[in-house]
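A short worksheet on the structure shown next.
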Amino acid sequence: MAIFIFEPSVSFNYDFALRHWKFLYQSIQDLVKQGLKVNLFYGEAIDVFRDLFETYGSLNVFSHQETGNDLTFSRDKNLKLYFQENEINWFEYQQNMVVRGLKNRKNWDIKWIKEAKKEVLKKPNLSLQKTILSNKYPVPQDLITKLEESEKGVHLGGELQAKMVLDDFLQKKIEKYWESISYPEKSRYYSSMISAYITYGNISIKQIYQRCEEFQSIVKNKKSLNQFKARLKWHCHFIQKLEMEPSIEFENLNPLFNQIRKNKNKKFIKAWTQGQTGYPLVDAAMRCVEETGFLNFRLRAMVVSFFTHLLWQPWTAGSGHLARMFIDYEPGIHFSQFQMQAGTTGINTIRIYNPIKQSKEKDKDGAFIKRWVPELRDLPTKYIHEPWEMTDLDSLLYNFKLGKNYPRPIVEFSKAYKLAKDKLWKLKKSNANQYISKAIVKKHTRMQKKL
């Protein structure tokens, strides 16, 4: 019997959005179309399994190993205890080359490659499946109605859809993938758009890697293909960090950085979440992700850098919002990247993105900004990146007034940049950081022999 449990506690968690469950529901419906009978429940996992155990008298439970957030980790520990107390066998299987119980990263890359090349399991025999005898925890109809509503601009879930998206990418887009990856508009077309399908198990890293291998002789731009394959490894690399150190969901990887960015500014946080900071590319990115659930990596890094460095906000005050926005939200990647961009690892290069420079370089003609910040749509290109540079005459000519039609910059870049740079580098260069960083590097750096 295949089961899926929609857990109320998950829906109340700070990182949850209904769009996540919608994608999961679409994925389940896709499996149903392929002949799998999926029994749906709405309730806490411990209660559902307790009822199943009372109904059948004995159980064997099979699942993948999940590297989730603190909530699901606590749930799994409680389930494990319940299963042990009731002699229920729980078989967990490694997922996407993330290794449970790993102490360090010695030869991790070599192990990853070996795992990626192993044969993909065949589809199981579905003729033996059964449905449950009774369901005391049915999914409410009003929730089903919401789950069946699609969101405009957000990808649809499902295994068949995942395979179509991957093949479309490898057949039509891979050649320009690498040259387009950092550009807001181009990347929306030339990126693989496969990340959400990996997050929700529609397709595995192993399947994607082996499909890429099949295209190795066909794709002309080898750099593009190899860079894409490298990112498959990065996916597991970052999740492995959370697997080995769950505390990074809430705590700085490097405790030395606990002494900075302690205070929240509600005005700044609200402006950032609503795309009203007065910096066009930042605002375009924040509005885009709210509607579509997707941003390319460069924009993700930039909006986090802006939030933590220029607005000087604690990264934990923004991680929940973007978790809810990203349709491909993956805790291991999300919190690792948030800390990298916030500079709180102590081992990574501190990057304070200049949103004006990024705007001029990556959205030169302002196409992305004009799409998502319509207030600026009628302005000439020379002002689209810096509307505050408009003269009074131009303001009259284009019937545009800064502070009325579009907000003034919430902070002055050069001052905010200097403040963040001075404080962060002072900590990074300190003797204390050198000492702490050695332990972090030893635990989380991928140490391996050359292939």
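The values are calculated or read from the model by the stated rules, or taken from the named source; none is laboratory data. What you are looking at is a predicted structure, and each value in this text was computed from that prediction instead of being measured. Glycine gets a Cβ as well: all are built from the backbone with ideal geometry, and neighbour counts include every protein chain shown. Areas reflect the complete protein model, heavy atoms only, side chains present, ligands, DNA and RNA absent. Shrake-Rupley method; radii C 1.70, N 1.55, O 1.52, S 1.80 Å.
Taking a threshold of 31 Å on the Cα-Cα distance, which of the pairs LYS176/LYS357; LYS33/LYS106; LYS103/LYS186; LYS229/LYS429 fall above it?
On the way: LYS176/LYS357 23 Å; LYS33/LYS106 43 Å; LYS103/LYS186 40 Å; LYS229/LYS429 34 Å.
Beyond 31 Å between Cα atoms: LYS33/LYS106; LYS103/LYS186; LYS229/LYS429.
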Requested in this report: For region 130-260, just run the numbers: alpha carbon Rg, then divide by 2.2 N^0.38 Å, N being how many residues it has.
Outcome: 1.39
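Rounded, prolate or oblate: which one fits region 1-99, using the alpha carbon gyration tensor with axes a ≥ b ≥ c (rounded when a/c is under 1.5, else prolate when a/b beats b/c, else oblate)? Could you put the intermediate results ahead of the total?
Working: a/c = 1.41, a/b = 1.19, b/c = 1.18.
It comes out rounded by the Cα gyration axes.
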Query raised in the report: Which of the aspartates and glutamates could a cross-linker bridge to LYS267, judged by Cα under 17 Å and excluding same-chain residues fewer than eight apart?
Result: ASP283, GLU412
Query - Theoretical FRET efficiency, 1/(1+(r/R0)^6), r = Cβ-Cβ of SER414 and GLU389, R0 22 Å, to 0.05 - result: 0.90
Query raised in the report: With point charges of +1 on the Cβ of Lys and Arg and -1 on the Cβ of Asp and Glu, referenced to the Cα centre of the chain, which listed residue (PHE306, THR199, LEU322) lies farthest in the positive direction of the dipole?
Result: PHE306
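Averaged per residue, what accessible area in Å² does the chain show with a 1.4 Å probe, protein chains only?
Values: 23010 Å² over 451 residues.
Per-residue value: 51 Å².
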Query - Rough spin-label spacing in nm, given labels placed 7 Å along Cα→Cβ, for LEU36 and GLU213 - result: 2.3 nm
Report task. Decide, for region 20-61, between rounded, prolate and oblate: order the square roots of the alpha carbon gyration tensor eigenvalues as a ≥ b ≥ c, take rounded if a/c falls under 1.5, and otherwise choose prolate if a/b is larger than b/c, else oblate. Result -> oblate
Query raised in the report: ASN39's amide H: which non-local residues (gap 5+, or another chain) put their own amide H closer than 5 Å, with H modeled 1.01 Å from N in plane and none for Pro or chain starts?
Result: ALA2, ILE3, PHE4
Query - Probe 1.4 Å - accessible area at ASP168, Å² to nearest ten - result: 50 Å²
**Report entry** Computed over region 310-451, Cα set: Rg, Dmax in Å
**Finding:** 19.9, 65
Report summary line: Computed ³J(HN,Hα) along region 213-220: with the Karplus parameters 6.51/-1.76/1.60, θ = phi - 60°, integer Hz and x for glycine or proline, the list is 4, 5, 9, 4, 7, 8, 6, 7
**Report entry** Dimensionless Rg over Rh [region 215-279; C-alpha; Kirkwood]
**Finding:** 1.21
**Report entry** Angle in degrees between helix 70-85 and the longest Cα principal axis of the chain, rounded to the nearest 10
**Finding:** 10 degrees
Query raised in the report: What area, in nm² and to one decimal, does the C-alpha convex hull of region 384-426 cast on average over all directions?
Result: 3.6 nm²
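Return one quarter of the surface area of the convex hull spanned by the alpha-carbon atoms of the chain, equal to its mean projected area, in nm². Write out the running numbers ahead of the final one.
Details: hull surface 97.4 nm².
Approximately 24.4 nm², given one-decimal rounding.
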Query raised in the report: How high is the relative contact order of region 154-273, given as a whole-number percent (alpha carbon pairs under 8 Å, six or more residues apart)?
Result: 23 percent
Query raised in the report: Of the accessible area of the chain, with the probe set at 1.4 angstrom, what percent is carbon plus sulfur?
Result: 53 percent
Query raised in the report: Looking at GLY278, ASN254, GLY35, which one has the Cα that reaches farthest to the positive end of the dipole of the chain (charges on Cβ: Lys, Arg +1; Asp, Glu -1)?
Result: ASN254
Report summary line: Rounded to whole angstrom, the alpha-carbon centroid of region 36-75 lies from that of region 229-289 at a distance of 31 Å
